[in-house]
Each structure stands twice: as structure tokens, then as C-alpha cells.
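**Student:** Here it is: the structure, laid out below.
Each reported figure results from applying straightforward, stated rules to the coordinates on display, with no laboratory input. The structure displayed is predicted, hence computed values, not measured ones. Heads up, the Cβs are rebuilt from the backbone with ideal geometry, glycines too, and the neighbour counts pull from every protein chain shown.
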Amino acid sequence: MTTARRGGPWGWFSDFDGTIAEQDMNRAILMHFVPEQAEPLIRAVNQRELSVREGLERMFGLIPSRWLDDIRAYALREVRLRPGFGEFVNRVHAEGDRLWVVSSGFSFFLEPVLAPWADRLTLYCNRLDPSGDYLRVIWPHPCDEQCHADCGLCKPTIQRRHRAEVTKVITIGDGVTDFEAAAHADFVFARAALLEHCGAEGYPHAAFETFHDIVAQWQAPLTAERETGGNRG
Ligand SMILES: [Mg+2]
Ligand SMILES: [Zn+2]
């Protein structure tokens, strides 16, 4: 299975909502529990009129803390993983690569959902503080001094933190929360809005719908390097 390539491990940085999970679980939670108030805020974030950080703080701040157990039960019942994720994780492991799941979602359901692969990936995500009357978002991984996008959880910051450990940075994602990470990656596997964005910006990328597609295009980052003549920044 292992292929002849590169002089060291690749770093795979994957989004969760709309990427590993078929739907955006933050959006699903908000549209189930506070639909009228959340809908215009979701639209503003997607149109980049509101930062991801401010949008998520305002939306989750609408939810009474006493609802958290119901929200966890709802999220665990609704979440569906995109086909091929287990095969993908095993391939990453077999190649000696590293996998980071970098999500604007929350630990209260991401940790149980990803528990079967806990020894093969590292999770970066946010936490919810239920100690007040309403939920409060805690951001343990904010933007570094090089990022001014007000990400909340900053994906390019995390990619920079680990860049020296890998020979290639590969971003996997689907939406607006991945735009900054894609701009700083060597290669992008993209679907939905991120796919359009990569095309418009000219980033080296390939489309995917399932993780089987990514495994089938395992060498695509090498091919793109030949076409573009080398790594960027
Ligand atoms: Mg997403
Ligand atoms: Zn940032």
C-alpha cells in the first residue's frame, strides 16, 4: 500500500462539519434549537459580513445552558460521517502521515464521535461553558499574530504550528471556515463552497465528495507540485 514518494510525513488537516460529517453540525444544532434568531446570523457569516468568531459567539449565546444535554443527544443522534473516513484514517496511519481534525465545532460531541480513532488523530476544537444562564463559547486556539481574519478557532495558526513536523500541508474542507487554511496549504481537497473558492483563487486542489475519493487521489498533491513547480510559502 505504501507508495514511493517524499522524504517525510505529510500533514493532513481536516475540517469536521460538512467534511468528515455530511452536514454542518453547528448549523444543524442552531437551526433545530434557535432557528429564527440563528438563520440571519448564519447567512451573515457565510457571506463574510460577520467573522466566524463573532457569529458563533452570538448564536450559541442565544441558547440556555440547561439545554446542553438535549443538544448533545440531538447532535449524536443526527451526525452522519462521510463514507470512507475510516479507510482514510487507516491509510494516513499506514503511510506514517499525521492527521489533525481542526473544527469550529465543540468538544461535547466531537470527542465522542471521533473516539474510535482517538489514537490516530489529534483534535483541535472549541468548548462550551454552561456555567452561566446561556452558553458561552471558549476559544482555546485563537489567531496568531500572522492572521487577522478573526477566525475564533484559527486553522492557519494550527497549520503553522505543525508545519515543521511534516513535509506537506494538505487541507481538507468544504466551506468559509476553511478559506484561510486553504490559502496557506500546499494542496487542498475541497467540496462545496471551498471547491469554488479554490478554483477562483487558483489554489492547487482536487474535488472530493467521499473519503474514498481522497484515498483514490492519494498522489494528487505530488502531481500538483510538478505542475506548479514547487511548494508555496
Ligand atoms: Mg465545514
Ligand atoms: Zn485566524
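**Student:** Given the Cα-Cα distance of D119 and H32 and 0.36 nm per residue of separation, how much length would full extension add, in nm?
**Tutor:** Gain in length upon complete extension: 28.1 nm.
**Student:** Related question: According to the Cα gyration tensor, what semi-axes, each the square root of 5 times an eigenvalue, does the equivalent ellipsoid of the chain have, listed from largest to smallest in whole Å? Intermediate values should be presented prior to the final figure.
**Tutor:** Numbers: eigenvalues 184, 72, 49 Å².
The equivalent ellipsoid of the chain has semi-axes of 30, 19, 16 Å.
**Student:** Here's another thing I want to ask about it. Rank-order 16-23, 33-40 by packing density, defined as the average count of other C-beta atoms within 10 Å over each peptide's residues, highest first.
**Tutor:** 16-23, 33-40
**Student:** Next question. Whose amide H sits under 5 Å from the amide H of Q23, counting only residues 5 or more places off or on another chain, with H placed in the peptide plane?
**Tutor:** Close amide H contacts, sequence-distant or interchain: G18, R80.
**Student:** So, with +1 on the Cβ of K and R and -1 on the Cβ of D and E, and no other charges, what is the size of the charge dipole of the chain about its Cα centre, to the nearest 20 debye?
**Tutor:** It comes to approximately 500 debye.
**Student:** Work out, in µm²/s and without decimals, the Stokes-Einstein translational diffusion coefficient of the stretch 37-143 at 37 °C, 0.692 mPa s, Rh from Kirkwood over C-alpha pairs. The partial results should precede the final answer.
**Tutor:** On the way: Rh = 15.6 Å.
D = 211 µm²/s.
**Student:** Only helical DSSP H runs with n ≥ 4 go in: add -39500 (n - 2.57) per run for the chain, normalise by residue count and round the 222 nm mean residue ellipticity to 500 deg cm²/dmol.
**Tutor:** -11500 deg cm²/dmol
**Student:** Ordered by residue, what ³J(HN,Hα) values in Hz, to whole numbers, does the stretch 89-96 give under the Karplus form 6.51 cos²θ - 1.76 cosθ + 1.60, where θ = phi - 60° and Gly and Pro are x?
**Tutor:** Ordered by residue, 3J(HN,Hα) equals 4, 5, 5, 4, 5, 5, 7, x Hz.
**Student:** When 1/r is averaged over all different Cα pairs and the result inverted, which Kirkwood radius in Å belongs to the stretch 99-233?
**Tutor:** Taking the inverse mean of 1/r over all distinct Cα pairs, the stretch 99-233 comes out at 16.1 Å.
**Student:** Okay, next question. Could the peptides 131-139, 67-75 be put in order, highest first, of the mean number of other beta-carbon atoms found within 10 Å of their residues? Working shown, then result.
**Tutor:** Working: 131-139: 13.8, 67-75: 15.6.
Packing proxy ranking, top to bottom: 67-75, 131-139.
**Student:** For a Förster distance of 22 Å, can you work out the FRET efficiency between the beta-carbons of N46 and D133, rounded to the nearest 0.05?
**Tutor:** Calculated value: 0.20.
**Student:** For the stretch 34-49 and the stretch 87-116, what is the separation of their C-alpha centers, rounded to whole Å?
**Tutor:** 28
**Student:** Positive end of the charge dipole of the chain (Lys, Arg +1 and Asp, Glu -1 on Cβ, about the Cα centre): tell me which of V92, S51, M31 has its Cα farthest that way.
**Tutor:** Sorting the options by dipole projection puts first V92.
**Student:** Is any residue of the stretch 24-65 close enough, with backbone N under 12 Å, to a label point placed 7 angstrom from the Cα of R80 along the Cα-Cβ axis, and if so, which?
**Tutor:** From the stretch 24-65, the list is 24.
**Student:** Tell me, what HN-Hα J-couplings in whole Hz come from the Karplus equation 6.51 cos²θ - 1.76 cosθ + 1.60 at θ = phi - 60° for each residue of the stretch 44-56, using x for Gly and Pro?
**Tutor:** Taking θ as phi minus 60°, the curve returns 5, 5, 5, 8, 6, 8, 10, 5, 4, 4, 5, x, 5 Hz for the stretch 44-56.
**Student:** Which ³J(HN,Hα) values in Hz, rounded to whole numbers, follow from the phi angles of the stretch 116-129 under the Karplus curve 6.51 cos²θ - 1.76 cosθ + 1.60, where θ = phi - 60° and Gly and Pro get x?
**Tutor:** So the Karplus estimates, Gly and Pro as x, are x, 10, 4, 7, 10, 8, 10, 9, 10, 7, 9, 10, 10, 9 Hz.
**Student:** Here's something else I'd like to know. What is the gain in length, in nm to one decimal, between S65 and E201 on full extension, counting 0.36 nm per residue of separation less the C-alpha to C-alpha distance?
**Tutor:** The span from S65 to E201 would gain 44.9 nm if fully extended.
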